[in-house]
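> Would you mind keeping the following structure in view while I ask a few things?
The values are calculated or read from the model by the stated rules, or taken from the named source; none is laboratory data. This structure is a prediction, so every number in the text was calculated from the model and none was measured. Every residue, glycine among them, receives a Cβ derived from its backbone with ideal geometry; neighbour counts consider all protein chains shown. Calculation scope for accessible area: heavy atoms of the full protein, side chains included, ligands and nucleic acids excluded. Shrake-Rupley method; radii C 1.70, N 1.55, O 1.52, S 1.80 Å.
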Amino acid sequence: MNWLFFAIFSRALYATVNVIDKNLIEKRIPSTITYFLITGFLNLVLLAIIPFHDIAIPPIPMLLLLLAAGALYFYGLLPYYSALAFEEASRVVPIWQLTPLFTLVIATLTVGAHFDTYDWIA
């Protein structure tokens with residue numbers, strides 16, 4: 001039953017992070033662009049731990065694809081932070097959490113992905 005604890009704890013931690021984001025954007029950091037750049041820099045600082053761990057480096061084409069996906073996600077945060085500056089976190093976060101649903105629908109319509117019933121339920 002450890003998974004239940006981790007599932008609930010992860011949601012509680014995510015909710016805490018959203019409230020902290022809202023307070024930082026609203027009261028401490030005057031510009032969403034500034035907060036965007038700060039979070040981006042802090043993410044780059046995490047790259048410094050790579051030499052201390054045994055991490056396999058993927059082939060160059062896959063690495064470029066992964067970097068592009070990370071950059072797109074990072075730039076996707078800008079509208080999220082802008083929305084947090086103008087609206088309550090309890091209204092913005094549920095819309096942000098619809099991302100997997102949009103991904104599923106877009107994958108079905110554009111790539112032609114086919115899913116079983118259990119996949120759709122999951």
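> Considering each of V111, V93, V105 in turn, give the residue that is over 21 Å from T39 (Cβ atoms), of a type in the set (A, V, I, L, M) and open to solvent by less than 90 Å² (accessible area, probe 1.4 Å).
Values: V111 fails: open to solvent by less than 90 Å² (accessible area, probe 1.4 Å); V93 fails: over 21 Å from T39 (Cβ atoms).
Testing whether each residue is over 21 Å from T39 (Cβ atoms), of a type in the set (A, V, I, L, M) and open to solvent by less than 90 Å² (accessible area, probe 1.4 Å) leaves just V105.
> While we're here: So P51 passes all but one of these: (1) open to solvent by 100 Å² or more (accessible area, probe 1.4 Å); (2) under 20 Å from the mean Cα position of the chain (by Cα). Which condition number does it fail?
P51 satisfies all of (1) open to solvent by 100 Å² or more (accessible area, probe 1.4 Å); (2) under 20 Å from the mean Cα position of the chain (by Cα) except (2).
> Please specify each residue of segment 13-28 satisfying the condition of being loosely packed, with under 13 Cβ neighbours inside 10 Å, of a type in the set (A, V, I, L, M) and more than 15 Å from S90 (Cβ to Cβ).
Answer for segment 13-28, where residues must be loosely packed, with under 13 Cβ neighbours inside 10 Å, of a type in the set (A, V, I, L, M) and more than 15 Å from S90 (Cβ to Cβ): just L13.
> Among the numbered conditions (1) of a type outside the set (F, W, Y); (2) in contact with a helix residue (DSSP H, G or I) (Cβ under 9 Å, 6 or more places away or on another chain); (3) open to solvent by 100 Å² or more (accessible area, probe 1.4 Å), tell me where L65 comes up short.
(2)
> Output the helices (runs of 4 or more DSSP H) that fall wholly within segment 36-122 and possess 1 or more residues being closer than 26 Å to I25 by Cα and in contact (Cβ under 8 Å) with a residue 24 or more places away in the chain, or say none.
Answer list for segment 36-122: 60-86, 89-96.
> In this structure, is N18 of a type in the set (S, T, N, Q) and at pLDDT 85 or above?
Judged against the criteria, N18 is a match.
> Exactly one of (1) surrounded by 10 or more Cβ atoms within 10 Å (Cβ to Cβ); (2) modelled with pLDDT under 85; (3) more than 14 Å from the chain's Cα centre (by Cα) is unmet by N43. Its number?
For N43, the failing item is (3).
> Additional query: Step by step: first the residues of segment 1-12, then only those that are assigned to a helix (DSSP H, G or I) and among the aliphatic types (A, V, I, L, M), then the one that is most open to solvent (accessible area, probe 1.4 Å). Which residue is that?
Taking segment 1-12 as the starting set, the residues that turn out to be assigned to a helix (DSSP H, G or I) are 2-12.
Filter once more, so that each one left must be among the aliphatic types (A, V, I, L, M): 4, 7-8, 12.
On the way: L4: 66, A7: 45, I8: 108, A12: 52 Å².
It comes out as I8.
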